[in-house]
Every structure is written in structure tokens, then in C-alpha cells.
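See structure below.
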Amino acid sequence: MTHPIQKTDAEWQAVLREKGAEPVAFQVTRHAATERPFTGKYEAHWADGSYHCICCGAKLFDSVTKFDAGCGWPSFSEAVPGAITEIVDRSHGMVRTETVCAQCGAHLGHVFEDGPAPTGLRYCMNSASLDFESGDR
């Protein structure tokens, strides 16, 4: 799958280093790794603002859509329209829906249909794939 923003692994590593991203960010965003539950910096983060792709800066979620799912990863009930591409993930002996940044293809996490109303969705994201910009809701 091709995305509007393309870079080599070395270029992505440099971008993430420059942004001061967590050490696991490259493996999470470019190789679909997963951070351990309850270890990410945004799991218990409740400030007003918006969450962006750590790789390209695209806005992904508004803080008003964040909720405590108790799963150990930041969870959101709704993404910014057009910000995320969904891909069928058949790894680890199960079928899930992977979420990637629509602009650069960074792996973000997965989306499940067990979230709160009105969407019924739970975007379960890796903190290492996110950046936060504070601001009013």
C-alpha cells in the first residue's frame, strides 16, 4: 500500500530521533510492533488537545474522543475523518483490523467494535505512535 508520505527506514529513524520519540517508536510505527500494556505515556493522559502521528504529524484524534477502556493502551471512540486507513490483520492466529496513518502508513494499533456509544468503536493505539498537542477541546 502506498501512502502520500514515503521515507526510507533511515529517514524515519532520523525523524523519530529528532522528535525525541520513545525508543520503541520505530519498531511500533514502521514494523507493527506493540508496546507493553500500561507502559505508554498517553495511556493515562487526559489533557485537552489532539493526538497526532509521531512520524508525519497528521492529526488523528481529538482528546474529547479518548476514554478509559482499561486495556492498557490509549483508546479513542472516533478518529479524525480520513486520518486512518484500516487493514485486515491476520497475524497471531486471529483476525483484527489494523490501523495505520493515512498519510505515512505508520502502524498505530487496532480498532475493535467494543467501544462506547455512539460509534461502538475502540481505537486501541500505541502511545509510541502518537504525539500530543495541547489545546482547548
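The values are calculated or read from the model by the stated rules, or taken from the named source; none is laboratory data. As the structure is a prediction and not an experimental result, all values here were calculated from the model. No Cβ is skipped: glycine too gets one built from the backbone with ideal geometry, and neighbour counts run over all protein chains shown. We work out accessible area using only protein heavy atoms, side chains counted, and drop any ligands, DNA or RNA first. Shrake-Rupley method; radii C 1.70, N 1.55, O 1.52, S 1.80 Å.
Things to note:
- Meets criteria (without any contact (Cβ under 8 Å) to a residue 60 or more places away in the chain, under 22 Å from residue 7 (Cβ atoms) and under 14 Å from the mean Cα position of the chain (by Cα)) for residue 83: yes
- Counting residues in region 121-134 that are in a helix (DSSP H, G or I) and either without any contact (Cβ under 8 Å) to a residue 60 or more places away in the chain or touching a strand residue (DSSP E or B) at 6+ places or on another chain (Cβ under 8 Å) (or both) gives one or more.
- Extreme residue, nearest to residue 81 (Cα to Cα), among residues of region 117-137 that are in contact with a Ser or Thr (Cβ under 7 Å, 6 or more places away or on another chain) and open to solvent by 50 Å² or more (accessible area, probe 1.4 Å): 119
- Cβ-Cβ under 9 Å pairs, at least 6 apart or on other chains, region 92-105 side closer than 9 Å to residue 56 by Cα, far side assigned to a strand (DSSP E or B) and of a type outside the set (D, E, K, R): 101/53; 101/60; 101/84; 101/85; 101/107; 101/108; 103/53; 104/53
- Sub-6 Å Cβ pairs linking a first residue in region 1-29 that is of a type in the set (D, E, K, R) to a second residue that is part of a helix (DSSP H, G or I) and at pLDDT 95 or above, at least 6 apart or interchain, are 22/128, ordered by first then second residue.
Here's the yes/no breakdown for (1) under 25 Å from residue 15 (Cα atoms); (2) β-branched (Val, Ile, Thr); (3) open to solvent by 50 Å² or more (accessible area, probe 1.4 Å):
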{"position": "31", "(1), (2), (3)": "yes, no, yes"}
{"position": "39", "(1), (2), (3)": "yes, yes, yes"}
{"position": "44", "(1), (2), (3)": "no, no, yes"}
{"position": "48", "(1), (2), (3)": "no, no, yes"}
{"position": "51", "(1), (2), (3)": "yes, no, no"}
{"position": "55", "(1), (2), (3)": "yes, no, no"}
{"position": "60", "(1), (2), (3)": "yes, no, no"}
{"position": "65", "(1), (2), (3)": "no, yes, no"}
{"position": "68", "(1), (2), (3)": "no, no, yes"}
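- Matching residues, region 76-108, being on the phi > 0 side of the Ramachandran plot, open to solvent by 40 Å² or more (accessible area, probe 1.4 Å) and in a loop (DSSP other than H, G, I, E, B): 82
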